[in-house]
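These notes are about the structure you will find just below.
The values are calculated or read from the model by the stated rules, or taken from the named source; none is laboratory data. Since the structure is predicted, the reported quantities are computational estimates derived from the model, not experimental observations. Reconstructed Cβ throughout: ideal geometry from the backbone, glycine too, with neighbour counts over all protein chains shown. We work out accessible area using only protein heavy atoms, side chains counted, and drop any ligands, DNA or RNA first. Shrake-Rupley method; radii C 1.70, N 1.55, O 1.52, S 1.80 Å.
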Amino acid sequence: MERLTGTQNQGPRRRAALPPDAPGPAHPEIARWRPATVSDADDLWQFTRAVGKADHPYHLTTREGIERDFGLSYFHPERDSLIGFAADGTLVAMGMVMAPPRETLARAILVGGVHPDYRGRGIGRELLAWQLGRAEQQLATDDPSVPRWILAYTDETAYRSTRLFRRLGMECARYFQSLERRLDEPIPEIDLPVDIRVIRFTSKLSAAVHEARDSSFRDHWASQPMSDDAWDSFVTSRKFRPDLSYLALAAGPDGTPKVVGFTLATVNEDDWLNQGYTGSHVDLVGVIDGWRGKHIARTLLGTHLHAARTEGLARATLVVDSESPTGALNLYLGMGFTPTTRSLAFTIEV
């Protein structure tokens with residue numbers, strides 16, 4: 001396994017901006033490039049499943065997730081997406097560039113890939129060059145006093161992607177560790193202070209949980225507040241499981257209940273065949289500042305594990321920043337999770 005030296009804690013290196021009229025990709029095996037539309041959802045779903053099975057088979061994109069992307073206020077597919085077809089009509093390549101809202105960090109996030117049957121021919125290099133150019137155009141409109149990053153994520157085993165990112169000037173800035181836990185093993189029991197109570201997620205508190213999420217992730221690497229539409233699409237998706245998601249409530253300054261912690265989970269049955277087990281995925285765990293150190297995260301996570309076991313699921317999974325400032329990795333290891341695969345975050349500053 002490769003060991004990176006000197007890059008984990010450094011910022012992305014600066015890249016010279018491309019002109020706004022930079023040419024799009026060109027490749028002899030691509031007969032046609034065009035922007036994606038929501039009517040391409042079925043083809044894009046099949047395409048992303050083929051890419052996912054090659055690069056990250058344990059967490060595949062859902063069709064619903066693809067449709068939701070087209071509904072995000074900050075994604076303009078006519079400008080922010082490109083799909084390439086072979087002469088026989090096969091969807092060969094797809095690239096999208098997402099520029100979510102920012103407060104202290106402007107981000108352009110690259111998503112896409114090349115069909116496994118067409119790799120090793122230079123198509124990915126042309127597509128990535130277009131994505132970087134589009135990302136630079138998006139970020140050029142942001143306040144130059146705010147850091148501006150282009151980000152791309154890939155599994156560590158997807159060696160073609162990591163090699164390509166580096167070839168075009170991106171640097172690996174962060175590791176994200178995937179963890180899993182068997183649910184037939186003992187689950188630690190944690191005592192909470194008496195002034196904190198745990199309840200299941202309820203849509204009535206969705207806005208308060210959103211606020212707690214943004215507050216608790218403010219000191220996390222590359223994190224920014226979630227837009228309202230991105231949040232709503234998450235908590236209303238079919239795979240989101242409110243019955244396996246838990247909140248910690250405490251009295252606020254005015255005596256009314258306040259969300260001080262949360263554990264939010266999803267279940268994607270499409271992943272079970274490739275994973276080889278049934279399971280839940282813990283997407284978000286957080287505790288707001290001032291309430292950390294009271295075992296809230298451990299209690300919420302333990303409550304989820306008990307509920308997932310009762311549901312009949314075999315394992316729980318999650319992904320954590322290996323250098324999380326909250327010490328989350330050690331917390332999860334202490335709760336019985338064990339490391340599996342890693343994903344890498346590549347960056348460039350513009």
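When residues in segment 55-88 are screened for being open to solvent by 50 Å² or more (accessible area, probe 1.4 Å) and over 15 Å from TYR153 (Cα atoms), 12 of them pass. Applying a threshold of 9 Å to beta carbon distances and a minimum spacing of six or more residues, or different chains, the list of pairs starting in segment 59-88 at a residue that is among the small types (Gly, Ala, Ser) and ending at one that is open to solvent by 50 Å² or more (accessible area, probe 1.4 Å) and at pLDDT below 95 reads SER73/PRO101. Based on this model, can you work out whether PRO186 counts as at pLDDT below 95, assigned to a loop (DSSP other than H, G, I, E, B) and exposed (fewer than 15 other Cβ atoms within 10 Å of the Cβ)? The answer is no for PRO186.
Among the residues of segment 200-215, the ones that are free of Cβ contacts under 8 Å to residues at least 60 places away in the same chain and either open to solvent by 40 Å² or more (accessible area, probe 1.4 Å) or among the polar types (S, T, N, Q) (or both) come to 8 in all. Among residues that are of a type in the set (Lys, Arg), touching a helix residue (DSSP H, G or I) at 6+ places or on another chain (Cβ under 7 Å), crowded, with 21+ Cβ neighbours inside 10 Å and over 22 Å from HIS115 (Cα atoms), ARG148 is included.
Here GLU311 meets each of (1) open to solvent by 10 Å² or more (accessible area, probe 1.4 Å); (2) within 26 Å of LEU344 (Cβ to Cβ) with one exception, condition (2).
Taking segment 50-158 as the region of interest, the helices (runs of 4 or more DSSP H) fully inside it that hold 3 or more residues being over 27 Å from GLU180 (Cβ atoms) are 77-80, 123-139. Does segment 223-234 contain at least one residue that is open to solvent by less than 20 Å² (accessible area, probe 1.4 Å) and within 13 Å of THR202 (Cα to Cα)? Within segment 223-234, none of the residues are open to solvent by less than 20 Å² (accessible area, probe 1.4 Å) and within 13 Å of THR202 (Cα to Cα). Pairs are defined by a Cβ separation below 8 Å, a sequence spacing of at least 6 or placement on different chains, a first member in segment 217-232 that is within 19 Å of SER73 (Cβ to Cβ), and a second member that is aliphatic (A, V, I, L, M) and open to solvent by less than 50 Å² (accessible area, probe 1.4 Å); the pairs so defined are GLN224/LEU105; SER227/LEU72; ASP229/LEU72; ALA230/LEU72.
Across segment 238-282, the number of residues qualifying as assigned to a loop (DSSP other than H, G, I, E, B), of a type outside the set (Ser, Thr, Tyr), open to solvent by 20 Å² or more (accessible area, probe 1.4 Å) and under 30 Å from TYR58 (Cα atoms) comes to 5.
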